[in-house]
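Written below as structure tokens is the structure these notes are about.
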Amino acid sequence: MGRIVALDYGKVRTGIAVTDELQLIASGLTTVETKQLLNFLRKYVEEEKVERFVIGEPKQMNNLPSESEELIKPFLRTLQGVFPKIPVERQDERFTSKMAFQTMIDSGLNKKQRRDKALVDEISATIILQAFLNRKK
């Protein structure tokens, strides 16, 4: 088995989370500038066996795609072109930022630490990945 890599894709930054090789545990990996994302993923795929990508799917409350989905579509095409053998799946990402912020509060991070948007993105990617794992069980 290989790892599953989840992305909380954003215009400026993208949070990244991965599973262990047995695909049991979702862990935050890092946050990278979106313009550096493909280079980061190329290096990561060279070093680790990646079985699939899971990309957050932003939806509105009425289940329609949110405006940010238009930013993600071109990236999805590029990702599939760069990694044609690695399947890409989507996972609803509604409320992940709020859940990430609450996770930061619950874990005792102070106000200054909670303002770290990169950390919020990484935690959001982890929540997306864990939701994907739960859905697949």
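Modelled label positions at Asn110 and Arg135, each set 7 Å beyond Cα in the direction of Cβ, lie 3.8 nm from each other.
Coupling constants for the stretch 23-28 follow from the phi torsions by the Karplus curve (6.51 cos²θ - 1.76 cosθ + 1.60, θ = phi - 60°), and in residue order they are 6, 9, 10, 9, 9, x Hz; glycine and proline get x. For the chain, the relative contact order is 34 percent, taking Cα pairs closer than 8 Å that sit 6 or more residues apart in sequence and dividing their mean separation by the residue count. Projected label points at Ser68 and Leu22, each 7 Å from Cα along the beta carbon direction, are separated by 3.3 nanometres.
Across all directions, the shadow cast by the convex hull of the stretch 3-136 built on its C-alpha atoms averages 8.2 square nanometres.
Take the Cα of Lys11, step 7 Å toward its Cβ, do the same at Val88, and the gap between the two points is 2.0 nm. To the nearest 500 deg cm²/dmol, what mean residue ellipticity at 222 nm is calculated for the chain from DSSP H runs of n ≥ 4 alone, each contributing -39,500 (n - 2.57), summed and divided by the residues? When only DSSP H runs of four or more count, the value is -13500 deg cm²/dmol. Straight-line cross-link partners of Lys11 among the lysines, defined as a Cα under 25 Å from its Cα and at least 8 positions apart when in the same chain: Lys35, Lys43, Lys59, Lys73, Lys98, Lys111, Lys112, Lys117. Taking amide hydrogens as placed 1.01 Å from N in the peptide plane, the amide H of Leu29 sits under 5 Å from those of Ile16, Ala17, Val18, each at least 5 positions away in sequence or on another chain.
All of the numbers you see were taken from the coordinates with simple rules; none came from a lab. Every value quoted in this text rests on a predicted model; they were computed, and no experiment measured them. Note that we place each Cβ from the backbone using ideal geometry, even for glycine, and neighbour counts take in every protein chain shown.
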